[in-house]
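The values are calculated or read from the model by the stated rules, or taken from the named source; none is laboratory data. Everything numeric here is computed off the predicted structure, so don't read it as measured data. Using ideal geometry, Cβ is built from the backbone for each residue, glycine included, and neighbour counts are taken over all protein chains shown. Surface accessibility is based on the protein's heavy atoms, side chains included, excluding ligands, DNA and RNA. Shrake-Rupley method; radii C 1.70, N 1.55, O 1.52, S 1.80 Å.
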Amino acid sequence: MKGQRFPRTREVMTKRDNMTAAYAKAATAPLDRLTPAMLDSIAASHARRGTRDFDQLLAKLRETVEARRLREVA
């Protein structure tokens, strides 16, 4: 059985790389600087505001930061 293949178009690769960069910022930035406004700014720099991609990315970034806060506080 072969693995699932994704098209390697410039648009697909750019979208994937933008998502990866946004997650890396949320995963490594100091928690005291990751305010809701900062998360909005990170999402806006990696996905166009008002699109489904932006909403999904912002939700994932919020989840990532909350998980970090819970992990690092404990």
(request) Out of L39, L31, L70, report the one residue that is touching a residue at least 40 places away in the same chain (Cβ under 8 Å), among the hydrophobic types (A, V, I, L, M, F, W, C) and more than 22 Å from M13 (Cβ to Cβ). (result) L31
(message) I'd like the full set of residues that are open to solvent by 90 Å² or more (accessible area, probe 1.4 Å) and over 14 Å from the mean Cα position of the chain (by Cα), limited to the stretch 52-70.
(response) L70
(message) Testing V73 on (1) within 13 Å of the chain's Cα centre (by Cα); (2) open to solvent by 80 Å² or more (accessible area, probe 1.4 Å), one condition comes back false. Which one is that?
(response) (1)
(message) If I go through the stretch 1-51 residue by residue, how many of them are at pLDDT below 90, of a type outside the set (S, T, N, Q) and exposed (fewer than 10 other Cβ atoms within 10 Å of the Cβ)?
(response) 9
